[in-house]
Amino acid sequence: MARGGLTTLDIVFTAAVSAVIGAVFMLWSNVVWDLAKLLLGLTFLPLIYGVWFLGSTVPAYIVRKPYVALLGEFLAAVAELAYGTQFYSTVLVYGFMQGLMSELVFAATRYRRWDYVTMAAAGAAPALWAAPADFLLYGLGAPLAWGERLVFWSLYFVSGAVVAGVLVKAVLDRVAETGVLDAFALGRAVRSIGSGGRG
């Protein structure tokens with residue numbers, strides 16, 4: 001359960017994490033995206049998409065308070081724009097809407113559930129914006145037949161659930177076990193479980 005509002009530490013930490021993730025976004029936009037088109041083909045291109053949803057789930061899973069998913073994804077988009085991206089200012093709209101989609105999942109649990117199901121849902125939720133936005137704004141997937149489009153659109157959700165959901169939880173749980181995140185809710189939850197508490 002989320003306790004209290006965001007502290008200065010929460011905001012600074014989220015901003016710092018977002019700056020790093022924004023650099024990953026920039027790399028994904030300017031390098032990986034074009035390579036993936038060549039290597040995967042259009043139908044399977046969304047397999048890489050889950051990385052663009054990390055800005056919401058990573059800080060939210062660690063801090064576990066309202067608005068962190070939205071703030072994190074948006075600030076990561078701001079950082080991507082500042083670093084230089086081929087998608088220009090549209091990344092800000094994507095960042096806000098994708099963060100909002102994840103935020104709504106966490107809000108639906110009242111910020112109390114952080115299991116694999118919740119994280120997978122929060123990781124996949126940004127695809128509710130990204131998939132139709134890509135199609136309507138960029139025509140991405142338009143050349144595909146309808147059967148191929150279903151695969152294409154489904155992979156947005158699969159990639160988000162696995163990369164931004166399941167993998168984020170698995171990796172950050174291990175990181176929290178080292179004690180470096182003890183100042184945040186995730187660190188306290190892991191420590192509580194390790195000492196026999198309910199977490």
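The values are calculated or read from the model by the stated rules, or taken from the named source; none is laboratory data. Here the structure is a predicted model, which is why all the values come from computation and not from measurement. Quick reminder, even Gly has a Cβ in these numbers, built from the backbone with ideal geometry, and neighbours come from all protein chains shown. All accessible areas refer to the heavy atoms of the entire protein, side chains included, with ligands and DNA or RNA removed. Shrake-Rupley method; radii C 1.70, N 1.55, O 1.52, S 1.80 Å.
Laid out as a table, the results:
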quantity	calculated
Which numbered condition residue 163 misses (of (1) open to solvent by 60 Å² or more (accessible area, probe 1.4 Å); (2) in contact with a helix residue (DSSP H, G or I) (Cβ under 9 Å, 6 or more places away or on another chain))	(1)
Total residues in the range 72-91, condition in contact with an Asp or Glu (Cβ under 9 Å, 6 or more places away or on another chain) and under 19 Å from residue 119 (Cα atoms)	1
Those residues of the range 78-99 which are β-branched (Val, Ile, Thr) and within 15 Å of the chain's Cα centre (by Cα), in sequence order	78, 91, 93
Enumeration of residues in the range 166-195 that are in a helix (DSSP H, G or I), of a type in the set (Gly, Ala, Ser) and open to solvent by less than 60 Å² (accessible area, probe 1.4 Å)	170, 176, 185, 187, 189, 192
Failed condition for residue 33, given (1) closer than 24 Å to residue 121 by Cβ; (2) open to solvent by less than 60 Å² (accessible area, probe 1.4 Å); (3) hydrophobic (A, V, I, L, M, F, W, C)	(1)
Within the range 127-146, tally of residues that are open to solvent by 50 Å² or more (accessible area, probe 1.4 Å) and in a helix (DSSP H, G or I)	8
Flag if residue 139 is within 20 Å of residue 128 (Cβ to Cβ) and in contact (Cβ under 8 Å) with a residue 12 or more places away in the chain	no
